[in-house]
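Notes for the one structure printed next.
The values are calculated or read from the model by the stated rules, or taken from the named source; none is laboratory data. As the structure is a computational prediction, the values presented were derived from the model and not from experiment. Cβ placement follows ideal geometry from the backbone for every residue including glycine, while neighbour counts extend to all protein chains displayed. Accessible surface is based on the protein model in full, side chains and every heavy atom, while ligands, DNA and RNA are left aside. Shrake-Rupley method; radii C 1.70, N 1.55, O 1.52, S 1.80 Å.
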Amino acid sequence: MLSKPILLFGKTGQLGSVLNVKFQNYNLQAYDYPEVDFNQPEQVRQLILQIQPGLIINAAAYTAVDQAEQEPEKAFNINGYSVQAIAESAKKIGAILIHYSTDYIFDGKKQSLYTEEDQANPINVYGESKLLGEKKIIETEGHYLIFRLSWVFSLTHPSFVTKVLEWTRKFKTLRIVDDQTSSPTWANMVAEKTLTLIQKDNVADLIKSKPGVYHLAGRGTVSRFEWAKAILELDPLRSEQMTREILPAKTADFPTPASRPKFSGLDCTKFETTFNLKIPDWKFSLAQALSDQRE
C-alpha cells in the first residue's frame, strides 16, 4: 500500500494541514480547493484515477455548520457526493480510504457516550451531509475506515480554543453556553493516531479485515463553559488576559441558523481495542496544544 502514492485531500484545513506535515516523509500528493473543486465530484474522481494512490486520506469537508443551512446543495456535494466519488474510485483501483466524519450525525438526546452502534439522527444540514458521505462509503463496500471526530480544535486555524483566547484579550466578562457537551479533539492527536496506524505492520490487511466506523475523539466530555474555563486556566500567557469572569449561558441565548446537539460525547473503545492505540484525555491534549503554541 505504501509503495504507491498517498493522496491527501484537504491539505490546508484544520486537520489536513497537520496530516500534510505528518506524512511528508512518504510519497505524498496533497490537494485542496482550488486545485480540486470538491463541489464537482467528477473532478475528484478523475484526479484519483490519474494518480492511482494506494491510500487516500480524505480530510476535505464543508464545515460551515450555519452556512450549510443556506447552501445545502454545496454541503451535500462536498460532504456526500464527492465522498461517494472518492470511495468508488478507491475501490476501482484497490486503494484504502481513510475518511473523517463528525459527532454531528447524532441528535444529542443521549446522555451517555455515543458508540458506533447508536442510531444516527442529524439535526442540521451539515450533519445530514456528513452522514450521507458515511453511507456512500459503506455502500461502496471497499477497504475503508471512517473516523468520527468531535469538537476539533487547533491553534493554527480558527477554532473554539482560538476564539476563547481572542475573547480573553478583549473582554472582562465572557458568557459561554453550558448546555452543549462533547469530547474536544485536538487535530494534532488525530493526525498522530492516523500516522501511527498507517505505520503498523500489515496495516493493509488490518484495515481490510476491520473496515468500518470508529470514534476518534478526546477521552472524556466537557461542556463548552467548562472547556472555556480550562482554556483560560491552561493559557501559558495568562498575564495577557483581560477576562475576570466567565458566566454560564444557554444555547437559546445565542440563536444560530443550525441546531447543535446538546450532548455528543464519543466512546472510542472500539478504536482503542481494534488498533491497540490509546487516546489521551481531552484536557491533556489541550494543555499540550497550548504549550506547543508558546514554543
Item checked: Other-chain or far-sequence residues with amide H under 5 Å of residue 186's (modelled H) -> 153, 218
Next item on the list: Whole number in Å², please: accessible area per residue of the range 39-114, 1.4 Å probe, ligands, DNA and RNA not counted.
Entry: 40 Å²
Notebook entry, point to check: So what is the relative contact order for the range 164-232, in percent, with contacts set as C-alpha pairs under 8 Å and at least six apart?
Noted result: 59 percent
Item checked: Rounded to the nearest 20 debye, dipole of the chain from Cβ charges on Lys, Arg, Asp, Glu -> 420 debye
Next item on the list: Considering only DSSP beta bridges where both residues belong to the range 145-272, give the percentage that are antiparallel (nearest 5).
Entry: 15 percent
Check: Residue farthest toward the positive end of the dipole of the chain, with Cβ of Lys/Arg at +1 and Asp/Glu at -1: which of 126, 63, 168?
Finding: 168
Check: Going by average Cβ neighbours within 10 Å, how do the peptides 279-287, 235-243 rank, with the highest at the top?
Finding: 279-287, 235-243
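Rounded, prolate or oblate: which one fits the range 198-295, using the alpha carbon gyration tensor with axes a ≥ b ≥ c (rounded when a/c is under 1.5, else prolate when a/b beats b/c, else oblate)?
Here the range 198-295 falls in the oblate category.
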Check: Share of antiparallel DSSP beta bridges in the chain, in percent to the nearest 5?
Finding: 5 percent
Check: Given Cα pairs under 8 Å that are at least 6 residues apart, what percent is the relative contact order of the chain?
Finding: 21 percent
Notebook entry, point to check: Could you list log10 I(q)/I(0) for the chain at q = 0.08, 0.10, 0.14 Å⁻¹, which the Debye formula gives when each Cα is one point scatterer?
Noted result: -0.34, -0.53, -1.04
Checklist line | Amide H contacts of residue 171 (H built 1.01 Å from N, under 5 Å, at least 5 apart or other chain) | finding: 242, 243
Notebook entry, point to check: Among 223, 182, 112, which one shows the biggest mean-square fluctuation in a GNM of the chain, springs joining Cα atoms closer than 10 Å?
Noted result: 112
Next item on the list: Determine the per residue accessible area of the range 119-260 with all protein chains present and a 1.4 angstrom probe, expressed in square angstrom.
Entry: 45 Å²
Notebook entry, point to check: Viscosity 0.890 mPa s, temperature 25 °C: Stokes-Einstein D of the range 95-145 from its Kirkwood Cα radius, in µm² per second?
Noted result: 207 µm²/s
Checklist line | Carbon/sulfur fraction of accessible area - the range 166-295, other protein chains in place, 1.4 Å, % | finding: 48 percent
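Per DSSP H run of at least 4 residues, take -39500 (n - 2.57); add these up for the chain, divide by its residues and hand me the 222 nm value, nearest 500 deg cm²/dmol.
After summing the helix terms and dividing by residue count, I get -11000 deg cm²/dmol.
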Notebook entry, point to check: Can you flag which of 4/270; 135/278; 200/278 are past 23 Å Cα-Cα?
Noted result: 4/270; 135/278
Next item on the list: Quickly rank 7-18, 45-56 as a protection proxy: mean count of other C-beta atoms within 10 Å, highest first.
Entry: 7-18, 45-56
